[in-house]
Amino acid sequence: MITDSLQLNLPVDFPRSVLPRDARPFVKWVGGKQQLLAQFEAYFPTTFRRYCEPFLGGGAVFFHLWNARRLPRQAFLFDNNAELVNAYLVVRDKVDELVETLTIHQQRHNKKYYYRVRRLDREELELSEVERAARTIYLNRTCYNGLYRVNSKGEFNVPMGSYINPQVLHENVLRTASSALQGVNIELRDFRSLVDFVQAKDFFYFDPPYDPLSKTASFTGYTRDSFGEEDQRELAKVFALLAEKGAFVMLSNSNTPLVSELYRKFRIETVQARRAINSDANGRGCLPEVVVLNY
């Protein structure tokens, strides 16, 4: 417990009825799709039975479809990152408590405090669901480039960013996201289990860790288990099986020979994405990414 003994003047609650219908990601995520939504519009199916996003991340596509009133009655958001899934559940179900705890993080933030909070997953402490979610969002908002990375023990190990006055609490963003997530199924789940889950006319959007463009560009540390070539091959098999069962399947990935090989039997389109995280400034800019479709 790290949020005791601090008296706060908490922000006034926003009435749910006056929230704008402009939900957006409440975490920064490597490879987030906010910048690509306009290009994706041409590729979304016009009608579908259920929506499923198995590599949730920032959830940009989900929020975009919700804003546009294009989500069906049933939507499913999955990820195998337990801390991220917990954060979504807390935003959906306990947003008032989350706002209170993030307010404390906002007021206490400094370098010493950042590393104290970062160490919590190395200590034998029983944090509540709300405290865990607030920790995840706080670290996401204050760490280097919003990067989520853990070591082989599952310990968050990103250094603090160089922001002067980072905004930890985006209350309206959280409350609007909470509104969008009402009635949505959110689960800790691996993509391999989807073959038994799929139904005809479901729409699946896959945004997995990308196949690296080079050995030095590889990043797959969202969980203690990396996402390597064998995982890419298994995902391609799941993609094909979902397609066989009558689902609409859309997948984003990097424009590499492996991806072209794995999805050669499907429609492959190209979009232009800005590359935001690269230690070499010459490696930043617009790069082609692929969108794979079975329809």
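The values are calculated or read from the model by the stated rules, or taken from the named source; none is laboratory data. As the structure is a prediction and not an experimental result, all values here were calculated from the model. Methodologically, a virtual Cβ is constructed for each residue, glycine included, from the backbone with ideal geometry; neighbour enumeration extends over all protein chains shown.
Listing for the model above:
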| item | result |
| --- | --- |
| Residue under evaluation residue 128, criteria (1) more than 26 Å from residue 163 (Cα to Cα); (2) touching a Phe, Trp or Tyr at 6+ places or on another chain (Cβ under 9 Å), criterion not met | (2) |
| Hey, residue 140 within 25 Å of residue 78 (Cα to Cα) and either in a loop (DSSP other than H, G, I, E, B) or in contact with a helix residue (DSSP H, G or I) (Cβ under 7 Å, 6 or more places away or on another chain) (or both) or not | yes |
| Condition broken by residue 133, with the remaining ones in (1) modelled with pLDDT of 95 or more; (2) in a helix (DSSP H, G or I); (3) over 19 Å from the mean Cα position of the chain (by Cα) satisfied | (3) |
| Qualifying residue in the stretch 202-216 (condition: at pLDDT below 95 and assigned to a helix (DSSP H, G or I)) | yes |
| Test: residue 251 is closer than 26 Å to residue 199 by Cα, assigned by TED's automatic domain parsing to the domain that holds residue 41 and more than 22 Å from the chain's Cα centre (by Cα) | no |
| Matching entry among 127, 120 (being more than 17 Å from residue 27 (Cα to Cα), touching a residue at least 12 places away in the same chain (Cβ under 8 Å) and assigned to a helix (DSSP H, G or I)) | 120 |
| Options 84, 98, 77, 65: the member that is outside any helix (DSSP H, G or I), within 19 Å of residue 27 (Cβ to Cβ) and not β-branched (Val, Ile, Thr) | 77 |
| Residues located in the stretch 241-257, provided they are over 21 Å from residue 270 (Cβ atoms), part of a helix (DSSP H, G or I) and not acidic (Asp, Glu) | 241, 242 |
| Lone qualifier among 49, 92 - being among the charged types (D, E, K, R) and in the same structural domain as residue 205 (by TED's automatic domain parsing) | 49 |
| Residue in the stretch 42-50 that is in contact with a Lys or Arg (Cβ under 8 Å, 6 or more places away or on another chain), part of a loop (DSSP other than H, G, I, E, B) and more than 25 Å from residue 204 (Cβ to Cβ) present | no |
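Conditions (1) at pLDDT 95 or above; (2) on the phi < 0 side of the Ramachandran plot; (3) not acidic (Asp, Glu), marked per residue:
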{"position": "123", "(1), (2), (3)": "no, yes, no"}
{"position": "137", "(1), (2), (3)": "yes, yes, yes"}
{"position": "163", "(1), (2), (3)": "no, yes, yes"}
{"position": "172", "(1), (2), (3)": "yes, yes, yes"}
{"position": "179", "(1), (2), (3)": "yes, yes, yes"}
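Matching residues to (1) farther than 29 Å from residue 22 by Cα; (2) surrounded by 13 or more Cβ atoms within 10 Å (Cβ to Cβ); (3) touching a helix residue (DSSP H, G or I) at 6+ places or on another chain (Cβ under 6 Å):
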residue	(1), (2), (3)
149	no, yes, no
164	no, no, no
171	no, yes, yes
182	no, no, no
186	no, yes, yes
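Conditions (1) at pLDDT 95 or above; (2) within 30 Å of residue 285 (Cβ to Cβ); (3) surrounded by 23 or more Cβ atoms within 10 Å (Cβ to Cβ), marked per residue:
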{"position": "25", "(1), (2), (3)": "yes, yes, no"}
{"position": "30", "(1), (2), (3)": "no, yes, no"}
{"position": "41", "(1), (2), (3)": "yes, yes, no"}
{"position": "44", "(1), (2), (3)": "yes, yes, no"}
{"position": "71", "(1), (2), (3)": "yes, no, no"}
{"position": "79", "(1), (2), (3)": "yes, yes, yes"}
{"position": "89", "(1), (2), (3)": "yes, no, no"}
{"position": "94", "(1), (2), (3)": "yes, no, no"}
